[in-house]
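Below is one structure, written out as structure tokens; the observations come after it.
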There are 2 protein chains.
Amino acid sequence: MIVLGIDPGLATTGLGLIESNERRELTVREWLTIATPTGLPLADRLEEIRFDLLRYLEEHKPDLAVVERLFFSTNVKTAFDVAQVRGVILLTLAEQGIACLEPNPLTLKSCITGDGHADKRQMQDMICRILNLKEIPKPDDAADALALAVFGALQQQGLGIGDRA
Amino acid sequence: MIVLGIDPGLATTGLGLIESNERRELTVREWLTIATPTGLPLADRLEEIRFDLLRYLEEHKPDLAVVERLFFSTNVKTAFDVAQVRGVILLTLAEQGIACLEPNPLTLKSCITGDGHADKRQMQDMICRILNLKEIPKPDDAADALALAVFGALQQQGLGIGDRA
């Protein structure tokens with residue numbers, strides 16, 4: 001099963017693609033980001049993100065996507081931008097008939113590390129261990145997207161990380 | 001020129017369509033709402049809004065669209081929902097090649113009433129006067145959408161309401 005994690009952002013949307021086999025082994029296929037230039041109008045940036053995502057979905061045909069649920073941010077402008085991108089991403093996944101999980105941050109962290117309040121570093125360390133990566137994926141948006149993909153794969157296996165130990 | 005005002009919302013998106021002729025007269029074509037049921041998943045609701053909007057754009061071929069800029073709301077959940085819908089709407093307009101104005105609330109109110117801090121009632125009264133309507137359009141989402149359409153038409157004429165008096 002192919003799982004795509006997506007971390008929405010207007011400047012940078014992170015994508016993380018992993019594979020889960022019958023022996024429940026998780027392997028990274030790739031990670032990357034979709035970037036849009038700051039100078040462009042919002043609508044054009046949304047259109048570019050959708051275009052790139054559509055092409056990516058057609059090429060890699062994920063069985064499942066995972067997009068984090070929105071939570072309150074102190075930076076309202078950024079939060080609105082993320083929400084507008086997120087709307088376009090959910091729409092695109094739905095139109096392509098790709099199932100999508102939407103964990104909240106607590107559920108995500110809890111599943112990956114066993115601790116719902118894990119910090120970024122703990123999350124990245126666990127992602128490296130689970131996926132046998134020697135280095136933390138860069139940029140953070142891509143690492144976050146991989147964490148979402150791992151969450152999706154573990155959910156499909158009926159497992160949180162506690163159960164794998 | 002045909003101008004479409006759009007007031008995004010997950011439960012109810014308001015649409016207001018007006019026409020501006022060479023004599024700078026504004027007339028209402030219609031107003032309506034796109035509603036989506038609460039029980040549906042977010043992605044399906046976004047897909048439904050996009051589907052209905054696309055059909056509407058194809059039928060009425062507006063020359064210009066107007067979507068209000070987002071502002072901070074005390075209800076963050078609702079604001080995120082609106083932002084996600086707004087992203088889908090801006091995307092759809094851009095894909096259809098329809099120019100879109102995005103006034104902030106202050107600019108909108110100032111253009112329609114001459115007062116950037118006008119309340120809902122003042123706005124609705126002015127919309128009725130400008131469009132020769134005997135009654136305030138219902139629901140509020142549709143009235144708000146008509147206000148946005150009037151803003152777009154006045155901008156295209158190079159006028160705010162102060163200049164029309």
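The values are calculated or read from the model by the stated rules, or taken from the named source; none is laboratory data. Since the model is a prediction, treat every value here as computed from it, not as a measurement. Positions of Cβ are backbone-derived with ideal geometry, glycine not excepted, and every protein chain shown enters the neighbour counts.
Looking at segment A:119-128, can you tell me whether even one residue there is out of contact with any strand residue (DSSP E or B) (no Cβ under 7 Å at 6 or more places or on another chain), hydrophobic (A, V, I, L, M, F, W, C), crowded, with 16+ Cβ neighbours inside 10 Å and in contact (Cβ under 8 Å) with a residue 40 or more places away in the chain?
No.
Determine, yes or no, whether residue A:142 is within 14 Å of chain B (Cβ to nearest Cβ), under 20 Å from residue A:20 (Cα atoms) and either touching a residue at least 60 places away in the same chain (Cβ under 8 Å) or of a type in the set (Ser, Thr, Tyr) (or both).
When the stated conditions are applied, residue A:142 does not pass them.
What's the number of the condition residue B:56 fails, among (1) assigned to a helix (DSSP H, G or I); (2) buried (at least 20 other Cβ atoms within 10 Å of the Cβ); (3) aromatic (Phe, Trp, Tyr)?
(2)
Within segment A:11-21, is even one residue in a helix (DSSP H, G or I), small (Gly, Ala, Ser) and over 14 Å from residue B:91 (Cα atoms)?
Quick first cut of segment A:11-21, residues in a helix (DSSP H, G or I) only: none.
No, segment A:11-21 has no match at all.
Starting from residues that are hydrophobic (A, V, I, L, M, F, W, C) and more than 18 Å from the chain's Cα centre (by Cα), keep the ones in segment B:73-97 and report whichever is nearest to residue B:12 (Cα to Cα).
So, considering only residues that are hydrophobic (A, V, I, L, M, F, W, C) and more than 18 Å from the chain's Cα centre (by Cα), the one nearest to residue B:12 (Cα to Cα) is B:80.
Identify all residues within segment A:108-118 that are at negative phi and touching a residue at least 24 places away in the same chain (Cβ under 8 Å); write none if there are none.
Those that are at negative phi and touching a residue at least 24 places away in the same chain (Cβ under 8 Å): A:108, A:110, A:111, A:112, A:113.
Restricted to segment B:32-65, and to residues that are within 13 Å of another protein chain (Cβ to nearest Cβ) and within 24 Å of residue B:107 (Cβ to Cβ), which residue is farthest from the chain's Cα centre (by Cα)?
Applying the filter and picking the extreme gives B:53.
Residue A:157 - would you say it is under 21 Å from residue A:2 (Cα atoms), within 13 Å of chain B (Cβ to nearest Cβ), surrounded by fewer than 16 Cβ atoms within 10 Å (Cβ to Cβ) and touching a residue at least 40 places away in the same chain (Cβ under 8 Å)?
So residue A:157 fails the test.
Would you mind telling me which numbered condition in (1) under 16 Å from residue B:46 (Cα atoms); (2) not in a helix (DSSP H, G or I) residue A:92 fails?
(2)
Considering only residues that are among the small types (Gly, Ala, Ser) and buried (at least 24 other Cβ atoms within 10 Å of the Cβ), which ones fall in segment A:6-28?
Listed by number, the residues that qualify are A:14, A:16.
As an exercise: evaluate residue B:3 against (1) surrounded by fewer than 20 Cβ atoms within 10 Å (Cβ to Cβ); (2) farther than 21 Å from residue A:90 by Cβ and give the number of the one condition it does not meet.
(1)
Applying the selection to segment A:84-101, what residues are at the interface with chain B (Cβ under 8 Å from one of its Cβ atoms) and surrounded by 18 or more Cβ atoms within 10 Å (Cβ to Cβ)?
Answer for segment A:84-101, where residues must be at the interface with chain B (Cβ under 8 Å from one of its Cβ atoms) and surrounded by 18 or more Cβ atoms within 10 Å (Cβ to Cβ): A:84, A:85, A:86, A:87, A:88, A:90, A:91, A:93, A:94, A:100.
Results for (1) among the polar types (S, T, N, Q); (2) within 25 Å of residue A:92 (Cα to Cα); (3) surrounded by 15 or more Cβ atoms within 10 Å (Cβ to Cβ); (4) modelled with pLDDT of 95 or more, shown as yes or no for each residue.
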site: B:45; (1), (2), (3), (4): no, yes, yes, yes
site: B:52; (1), (2), (3), (4): no, yes, yes, yes
site: B:68; (1), (2), (3), (4): no, yes, yes, no
site: B:71; (1), (2), (3), (4): no, no, no, no
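Among the residues that make up segment B:74-83, is at least one of them surrounded by fewer than 20 Cβ atoms within 10 Å (Cβ to Cβ), outside any helix (DSSP H, G or I) and either without any contact (Cβ under 8 Å) to a residue 60 or more places away in the chain or at the interface with another protein chain (Cβ under 7 Å from one of its Cβ atoms) (or both)?
yes
Does segment B:111-121 contain any residue that is under 22 Å from residue B:49 (Cα atoms) and more than 14 Å from chain A (Cβ to nearest Cβ)?
So far as segment B:111-121 goes, no, none of its residues is under 22 Å from residue B:49 (Cα atoms) and more than 14 Å from chain A (Cβ to nearest Cβ).
Inside segment A:100-137, can you point out the residues that are part of a loop (DSSP other than H, G, I, E, B) and over 16 Å from residue A:6 (Cα atoms)?
A:114, A:115, A:116, A:117, A:118, A:119, A:132, A:133, A:134, A:135, A:136
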